[in-house]
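Just below is one structure, and these are the notes that go with it.
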């Protein structure tokens with residue numbers, strides 16, 4: 001049997017196993033996405049993705065399974081004037097498969113608790129995410145779609161309560177990531193640091209049609225390691241503040257999303273034994289402001305159109321310009337401006353079809369030769385279909 005086909009079998013087998021449960025609903029989604037980008041520098045590339053998702057829901061219970069087949073082409077052109085010979089990475093692989101669970105428990109009164117988590121199954125290529133950096137848009141602007149980190153997962157617990165017009169909650173969890181193959185003999189295998197996470201939420205029902213919610217997340221990273229201990233490091237703690245305003249206007253709705261992220265100073269190993277961790281000159285990630293309004297409106301029975309705008313404003317990190325410490329160094333930040341559009345047709349009570357596209361324009365400050373700005377243009381278009389039973 002073709003091993004690529006075997007990787008999709010667990011999703012179908014799981015559906016058959018759960019199909020006899022009473023009062024449950026299942027859904028299967030299959031899609032296709034084309035993603036392409038270019039720049040005013042040497043970097044460009046394309047991705048073709050075929051995502052496959054399965055959902056199983058019952059009272060206070062949700063199970064999800066996600067995977068995808070991806071063909072990627074990441075290019076860095078040659079530039080003889082700068083002594084750059086060029087590089088490329090091309091591959092066609094399944095990504096890792098993610099199994100997600102969410103279980104809600106009614107504690108009585110207005111108190112609820114939720115267990116949620118995911119398990120990462122190693123069906124992907126553990127070298128892809130590092131190799132694609134030769135031509136990919138920097139991850140501080142566009143986190144890569146492909147994931148191939150091997151075994152990993154996360155588990156969270158939240159406790160929430162509600163009163164008239166208000167809901168609030170506290171939670172915590174742990175995130176664990178597998179290992180990456182760097183493909184470099186000087187570094188070897190890379191194991192990103194695990195994270196402990198704490199969170200707090202509060203939401204207000206402003207009116208029968210309007211709500212406003214806030215969330216604060218704090219991360220506590222552990223040490224990231226390589227086979228070569230001289231390149232180990234620990235990221236600084238992260239702080240993420242998010243808010244969402246939701247307004248229902250008849251059959252239409254407006255959603256305003258905003259978030260602000262800021263990070264503490266991490267540590268990097270000394271280059272000689274015993275490779276002790278010493279404080280970095282500043283935070284590795286710069287502060288980040290994200291704005292994302294979305295307007296959804298009904299165009300008629302069974303047809304919904306959603307339009308969105310995006311702005312990410314990233315500040316320079318805390319490293320002095322031109323300084324490199326181990327695998328870390330200066331990042332100039334920049335800005336991302338984007339627009340997105342989707343159109344969904346409810347073909348029947350159990351079937352929908354979606355078409356979507358987006359365009360992002362990115363200015364990455366200080367990333368080019370002589371600290372010039374590199375600009376990227378990214379265009380994506382895709383479709384997916386969902387079946388419920």
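FYI, it's all coordinate maths here, none of it is from the lab. From a predicted model like this one, the values you see are computed outputs, not experimental measurements. Because the Cβ atoms are built from the backbone with ideal geometry, glycine has one as well, and the counts that use them run over all protein chains shown.
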Stretchable slack from residue 350 to residue 113, in nm (0.36 nm times residue separation minus alpha-carbon distance): 82.3 nm
Region 258-325 and region 46-70: distance between their alpha carbon centers, rounded to Å: 26
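Which of the peptides 214-221, 66-73, 82-89 is most tightly packed, and how do the rest follow, judged by the mean count of other Cβ atoms within 10 Å per residue?
Values: 214-221: 16.5, 66-73: 19.6, 82-89: 12.2.
Those peptides, ordered most packed to least, come out 66-73, 214-221, 82-89.
So how do 362, 130 line up by other beta-carbon neighbours within 10 Å, fewest first?
Numbers: 362 24, 130 17.
Ranked by crowding around the Cβ, least crowded first: 130, 362.
Sort 61, 190 so that the residue with the fewest other Cβ atoms within 10 Å of its own Cβ comes first and the one with the most comes last. Before the final figure, lay out the partial values.
Numbers: 61 13, 190 23.
If I rank by nearby Cβ atoms, fewest first, I get 61, 190.
Nearest 0.05, what FRET efficiency do residue 164 and residue 32 give at R0 = 45 Å with Cβ-Cβ as r? Write down the numbers at each step before the final one.
Values: r = 46 Å, r/R0 = 1.03.
E(calc), rounded to 0.05, equals 0.45.
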Quick calc: nm separation of the 7 Å Cα→Cβ label points for residue 242 and residue 270 -> 4.1
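When the chain is fully extended, how far beyond the present Cα-Cα distance does residue 198 get from residue 25, taking 0.36 nm per residue of separation?
Numbers: separation 173, 0.36 × 173 = 62.28 nm, distance 3.19 nm.
Difference between extended and current length: 59.1 nm.
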Pick from 370, 124, 36: which is most flexible by mean-square fluctuation in a GNM of the chain where alpha carbon atoms under 10 Å apart are linked? 370
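FRET efficiency for residue 79 and residue 377, Cβ-Cβ distance as r, R0 = 25 Å, nearest 0.05? Walk me through the numbers on the way to the answer.
Numbers: r = 20 Å, r/R0 = 0.79.
Efficiency for this residue pair is about 0.80.
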Quick one, what does Rg over Rh come out to for region 157-213 if you take C-alpha atoms and the Kirkwood Rh? 1.36
In terms of the ratio Rg/(2.2 N^0.38 Å) built on C-alpha atoms, what value belongs to the chain? 1.06
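Apply the a/c threshold of 1.5 to the C-alpha gyration tensor of region 17-110 and tell me whether it is rounded, prolate or oblate. Mind showing how you got there, number by number?
Working: a/c = 4.45, a/b = 2.89, b/c = 1.54.
Prolate.
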Work out how much length residue 230 to residue 212 would gain on full extension: take 0.36 nm times their residue separation and subtract the Cα-Cα distance, in nm to one decimal. 1.8 nm
Once both axes come from the Cα atoms, what is the angle between helix 3-18 and the longest principal axis of the chain, in degrees from 0 to 90, rounded to 10? 30
Could you check how many percent of all C-alpha pairs in region 78-197 are farther apart than 21 Å? 56
Computed curve, region 191-348, Cα-only Debye sum without solvent term, log₁₀ I(q)/I(0) at 0.17, 0.19 Å⁻¹, is -1.03, -1.15
Could you calculate the FRET efficiency of residue 50 with residue 305 from 1/(1 + (r/R0)^6), where r is the beta carbon distance between them and R0 is 30 Å, rounded to 0.05? 0.75
